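Novice: Below is a structure I'd like to ask you about.
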Amino acid sequence: MAKAKDSRTMIKMVSSALTGYEKWFRIPRRTPKLNLILYDPKAQRHCLFTEARKRKIPEPTPKDYIRSHR
């Protein structure tokens, strides 16, 4: 029997201060790539955290701004 795929996934966020500090988050699969400013206790300051691995993100559907009314 096939196992159902979870709608959420775990991502690893790595500090850009190159201290090796990482944080894990559980987010919905369809969320765009994250860049967060979080506290890094090894650097003792706030740093930019980026996703460690690439993941497949669906292309957003293009918006139709040309559509006329009626």
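No value in this document is a laboratory result; all are computed from the given coordinates. Keep in mind that what you see is a predicted model, and the values were worked out from it rather than measured.
Novice: Pairs LYS33/LYS63; LYS3/LYS54; LYS5/LYS54; LYS23/LYS63; LYS23/LYS54: which exceed 27 Å Cα-Cα?
Specialist: LYS23/LYS63
Novice: Would you list, by chain and number, the aspartates and glutamates whose Cα falls below 18 Å from the Cα of LYS12, excluding same-chain residues fewer than 8 positions away?
Specialist: GLU22, ASP40, GLU51
Novice: What is the chain's relative contact order, in percent, from Cα pairs under 8 angstrom and six or more apart in sequence?
Specialist: Computed value for the chain: 29 percent relative contact order.
Novice: A further question on this structure: Classify the chain as rounded, prolate or oblate, taking a ≥ b ≥ c as the square roots of the eigenvalues of its Cα gyration tensor: rounded when a/c is under 1.5, otherwise prolate if a/b is larger than b/c and oblate if not.
Specialist: oblate
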